[in-house]
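Notes to accompany the following structure.
The values are calculated or read from the model by the stated rules, or taken from the named source; none is laboratory data. This one's a predicted model, so the numbers in the text were calculated from it and none came from an experiment. Neighbour counts run over all protein chains shown; Cβ positions are idealised from the backbone, glycine included.
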Amino acid sequence: MTPIAARVASSPSFRSLRVPNFRLYFVGQGISMCGTWMQRVAQSWLVLELTNSGTALGLVLAAQFLPMLLAGPYGGLIADRFDKRRVLYATQAAQALLALALGVVTITGLVELWMVFVLAAGLGVAAVFDTPARQSFVLEMVGHDDLRNAVTLNSVLVNAARAVGPAVAGVVIATLGTGPCFLVNALSFLAVLLSLRLMDPARFDQAQPVVRSAGQVREGLAYVARTPALRTPLLLMTAIGTLAYEFQVVLPVLAARTFDAGASAYAQMTTAIGVGAVVGGLIVARRSRTRRGELALSAVVFGVVIVGAAVAPTLNLALVALLFVGAASVAFLALANTTLQLAAAPAMRGRVMALWAMAFLGTTPIGAPIVGWIAQEAGARWALATGGIAAILAGLAAGASLPVSRRDRPGRATPATTRLSSHQSKRHASPASERGTRTPGKS
């Protein structure tokens, strides 16, 4: 570790970077995330160039997120059954090839709208298996004590890339066109693949792989349904993911129609959320423990600041409010992710995080049209406020229903997890020699 890296890792905000494997992963993801945001901007611009249709843009977005809604639990099951690092090798390589294909057909002038739909859906299918593996892999790299810090730093990384990637994409599109953005993204995946290759498997805190058997997806759903420490946060995430996290739909309308300010105002709004998330994330990362009720409180605070942004009378005040929206967003996401991972039995963690991805990402095809309709019929302020009100109500409901006993707190074994672990240790036991040789498997 270099002297600068050592000083950074010594800070409480960056303590998970002391783990060599996570440090490699963090650097690789940072490079890849910038490429991912470049592709998102370029893909949207390409669709507009091909169709000049906002409807087509929404449909492409739906095609990319629909696989997560339809098949998310199966991706989680794969994360529980197989070496997570090997799963990530496959999913990251697949996404690189899809980006490369889109770049080639765009540069050669052969691209048509149906190709964008097919490749976007392909990215969605890859995300079905990639997202739960990535989420649950973090715990295997850093362990329980540093999980919240690592998850928060990942959120900070996504939002920092949100500031860098689109800015670079804007320059590349203006000078070279959209095609090179896809090629850059394809190359950026090499950083993740290299980081996975350089990791030391002996340092992983590996969950025992689940042996294949019938009904394991239903088993995972039933497990969550009977475990309040998992069920309540997932329902909370579903409500907020559906209505509050549709900024890509609301903010352009808010900029254009409410403040009559154009694309530059939309860029400023997006930047404000990103900056707020980075600053807020670094503050949240200093804390390692989660107190009971903190998740519900963070949801309420998130909703309040969203409503504040919705009622802001001027653009400048809205930008200030969106700084707090970004900070509250990263706090809520980090708490939700950490709560679920620590409350889940190791054999079920992949399936639980797949449901988290469904609640957060898979609800986009449902929430985006609803919020878009509200923005069209009632105005962007009402569309934004709807998400905020939903977060407040969901947070209050979650606060009333989250487990209150010490044994049900995240990180402690609940009766349900105890029964499950006992059952699966008998059902899925493997020889100690096999456990010793097997290794474990972006925003």
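For the range 262-283, the criterion of being part of a loop (DSSP other than H, G, I, E, B), out of contact with any Asp or Glu (no Cβ under 7 Å at 6 or more places or on another chain) and not acidic (Asp, Glu) is met by at least one residue.
Look at the range 386-399: where a residue is basic (Lys, Arg), no partner that is in a helix (DSSP H, G or I) sits 6+ places away or on another chain with Cβ atoms under 9 Å. Among residues of the range 268-280 that are farther than 11 Å from Ala160 by Cα, those with a beta-carbon under 9 Å from a residue that is modelled with pLDDT under 85 and outside any helix (DSSP H, G or I) at least six positions away or on a different chain give the pairs Gln268/Ala261.
All of Arg18, Arg23 fail the test of being buried (at least 19 other Cβ atoms within 10 Å of the Cβ), charged (D, E, K, R) and over 16 Å from the mean Cα position of the chain (by Cα), apart from Arg23.
Scanning the range 181-202 for residues that are surrounded by 15 or more Cβ atoms within 10 Å (Cβ to Cβ), of a type outside the set (S, T, N, Q) and in a helix (DSSP H, G or I) yields Cys181, Phe182, Leu183, Val184, Ala186, Leu187, Phe189, Leu190, Ala191, Val192, Leu193, Leu196. Only residues in the range 109-137 that are closer than 16 Å to Val192 by Cα count as the first member; pair them with residues that are not in a helix (DSSP H, G or I), Cβ under 7 angstrom, at least 6 apart or cross-chain, and list the lot. Within 7 Å, the pairs are Ala133/Gly441; Phe137/Pro440; Phe137/Gly441.
Of a type outside the set (Gly, Ala, Ser), in contact with an Asp or Glu (Cβ under 7 Å, 6 or more places away or on another chain), in a helix (DSSP H, G or I) and buried (at least 21 other Cβ atoms within 10 Å of the Cβ) - does that describe any residue in the range 119-134? Checking the range 119-134: not a single residue is of a type outside the set (Gly, Ala, Ser), in contact with an Asp or Glu (Cβ under 7 Å, 6 or more places away or on another chain), in a helix (DSSP H, G or I) and buried (at least 21 other Cβ atoms within 10 Å of the Cβ). With respect to Leu234, determine if the residue is surrounded by 16 or more Cβ atoms within 10 Å (Cβ to Cβ) and either in the same structural domain as Tyr74 (by TED's automatic domain parsing) or more than 30 Å from Ser401 (Cβ to Cβ) (or both). So Leu234 does not fit the description; no.
Yes or no, residue by residue, for (1) modelled with pLDDT of 85 or more; (2) not small (Gly, Ala, Ser); (3) not assigned by TED's automatic domain parsing to the domain that holds Thr227:
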residue	(1), (2), (3)
Ala261	no, no, no
Gln268	no, yes, no
Ile273	yes, yes, no
Ile283	no, yes, no
Leu295	yes, yes, no
Val304	yes, yes, no
Leu323	yes, yes, no
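Just one residue in the set Gly124, Gly72 is closer than 30 Å to Ala345 by Cα, touching a Gly at 6+ places or on another chain (Cβ under 6 Å) and not hydrophobic (A, V, I, L, M, F, W, C); that residue is Gly72. Applying the condition of being within 21 Å of the chain's Cα centre (by Cα) and over 15 Å from Ala347 (Cβ atoms) to the range 210-231 and asking which residue is surrounded by the fewest Cβ atoms within 10 Å (Cβ to Cβ) yields Arg231. When Ala186, Ala167, Ala161, Ala150 are screened for being touching a Leu at 6+ places or on another chain (Cβ under 7 Å), within 26 Å of Thr270 (Cβ to Cβ) and not aromatic (Phe, Trp, Tyr), only Ala186 passes.
Filtered by the rule that a residue be closer than 19 Å to Ala99 by Cα and not aliphatic (A, V, I, L, M), the range 149-179 gives Arg162, Gly165, Pro166, Gly170, Gly177, Thr178, Gly179. Just one of the listed residues (Ala207, Ala239) is crowded, with 18+ Cβ neighbours inside 10 Å, small (Gly, Ala, Ser) and within 17 Å of Ser329 (Cα to Cα), and it is Ala239. Taking (1) in contact with an Asp or Glu (Cβ under 8 Å, 6 or more places away or on another chain); (2) surrounded by fewer than 24 Cβ atoms within 10 Å (Cβ to Cβ) in turn, Thr178 satisfies each apart from (2).
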